[in-house]
Amino acid sequence: MDFITKRCILGAFLIIAINAQEGAHPSSQEDSSHNQQPSAEEIKKHLEHVVDSYVDRDKDGYVTVEELKDWIKFIHERGLQESVDQQWMYYEPQVEELLTWEGYNPEQKEVLTWDKYKNLTFPEYLFEETKKPEDLANLKDMLRRSERRWKLADVNGDGVLTKEEFRELLHPEESARVGEVLVLEAIEDMDSDKNNEVSLEEYMEHLKKVSGGEKEDSSWAPAQQNHFTNYLDKNKDGALNKDEVKDWILPSQDRHEGEAWHLVSMVDSDRDTKITKHDITANPQFFVGLIPSDYHMQHHSNQRTKDEF
Ligand SMILES: [Ca+2]
Ligand SMILES: [Ca+2]
Ligand SMILES: [Ca+2]
Ligand SMILES: [Ca+2]
């Protein structure tokens, strides 16, 4: 399983981990409290509050998969937007007059140019200081990929990115359009003989590179081969084409829903597919991620959740 797949599966958990790190950024007024681990008692209280105020929307005392899914989605979206906001500020976009398609009535908008993005992300000195040929080749490849992502993210093709377009650059996995580039990148990473398909051998090579000690286990290789042959290689021609790689790394099912099902199934002892607040607070190890990192929830309302998603 590669990074992208793992990221999709981990979904909300990963975002929460990122949020926890970003919680320490200097603009937050609650830095000192972020740096301390909350006590078990505090976590329980926060979970109770989150469930009562936000997750159990119909206030019937149960949390359904649907309610949990909406909340996970909300937290995910919020974490994503926070990280986009921070990076956007880092690149110091400039205000430009954008022409609307009618050609008149110009609009003032913050945009980022490719040159500025490139100079801050891949400054010249990086190339000058990189001496090892293979490192330099890697760096150039990263730049090439970055430029390709940039062009895809630039929806209207005017050469500059608005904040909305910049978001697609940073998070191609969130965008049907730019997400395609992840498929291309994954194939490039694995396709040693450059025939635009990933053979079983190329797949196994890749897995060996990205996996840890588990590959020493004698059942590891047969299990991976089996997964390739019976699951990933849909048309059974022995190689993964673009569509098959896409199904693999960009699963089409709703991953927030998958996450919600997973969480419910962990504690739903009577199998009625809904859980209680007690089920949640008694298992904080599974549910701590439902607590937003900064916990400023005053702006959140049910209406907003509906509007945003
Ligand atoms: Ca409910
Ligand atoms: Ca643009
Ligand atoms: Ca190949
Ligand atoms: Ca195939």
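When residues in segment 263-299 are screened for being small (Gly, Ala, Ser) and part of a loop (DSSP other than H, G, I, E, B), 3 of them pass.
Of all residues assigned to segment 218-238, none qualifies as being of a type in the set (A, V, I, L, M) and under 25 Å from Glu147 (Cα atoms). Of all the criteria given as (1) at pLDDT below 95; (2) out of contact with any Leu (no Cβ under 7 Å at 6 or more places or on another chain), the one not satisfied by Ser199 is (1).
Among the aromatic types (Phe, Trp, Tyr) and assigned to a helix (DSSP H, G or I) - does that describe any residue in segment 96-103?
No: segment 96-103 contains no residue that is among the aromatic types (Phe, Trp, Tyr) and assigned to a helix (DSSP H, G or I).
Checking the conditions here, which among Leu143, Leu161, Leu139, Leu126 is among the aliphatic types (A, V, I, L, M), more than 22 Å from Leu250 (Cα to Cα) and crowded, with 18+ Cβ neighbours inside 10 Å? If you could, list the steps in order and put the result at the bottom.
On the way: Leu143 fails: crowded, with 18+ Cβ neighbours inside 10 Å; Leu139 fails: crowded, with 18+ Cβ neighbours inside 10 Å; Leu126 fails: crowded, with 18+ Cβ neighbours inside 10 Å.
Answer to the selection: Leu161.
The criterion of being free of Cβ contacts under 8 Å to residues at least 40 places away in the same chain and among the β-branched types (Val, Ile, Thr) does not hold for Thr113. Evaluated against (1) under 18 Å from Asp115 (Cα atoms); (2) assigned to a loop (DSSP other than H, G, I, E, B), Lys151 falls short on exactly one condition, (2).
Per-residue answers, yes or no, for (1) at pLDDT 95 or above; (2) over 16 Å from Ile187 (Cα atoms):
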| site | (1), (2) |
| --- | --- |
| Met204 | yes, no |
| Leu232 | yes, no |
| Lys242 | yes, no |
| Ser252 | no, yes |
| Ser269 | no, yes |
| Ile275 | yes, yes |
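When segment 208-239 is filtered for residues that are charged (D, E, K, R) and touching a helix residue (DSSP H, G or I) at 6+ places or on another chain (Cβ under 7 Å), the ones remaining, listed by number, are Lys208, Glu214, Lys215, Asp233, Lys234.
Counting the residues of segment 181-221 that are of a type in the set (S, T, N, Q) and within 12 Å of ligand 3 (Cβ to nearest atom) gives 4.
Let me confirm something: among Leu240, Leu200, Leu250, Leu232, which residue is of a type in the set (A, V, I, L, M) and away from ligand 4 (no atom under 16 Å from the Cβ)? Walk me through how you get there before you give the answer.
On the way: Leu240 fails: away from ligand 4 (no atom under 16 Å from the Cβ); Leu200 fails: away from ligand 4 (no atom under 16 Å from the Cβ); Leu232 fails: away from ligand 4 (no atom under 16 Å from the Cβ).
After ruling out the rest, the residue left standing is Leu250.
In the condition set (1) within 16 Å of ligand 2 (Cβ to nearest atom); (2) among the hydrophobic types (A, V, I, L, M, F, W, C); (3) modelled with pLDDT of 95 or more; (4) surrounded by fewer than 17 Cβ atoms within 10 Å (Cβ to Cβ), Val95 is compliant with all but (3).
The values are calculated or read from the model by the stated rules, or taken from the named source; none is laboratory data. Computed from a predicted model, the values in this text were never measured in an experiment. Neighbour counts run over all protein chains shown; Cβ positions are idealised from the backbone, glycine included.
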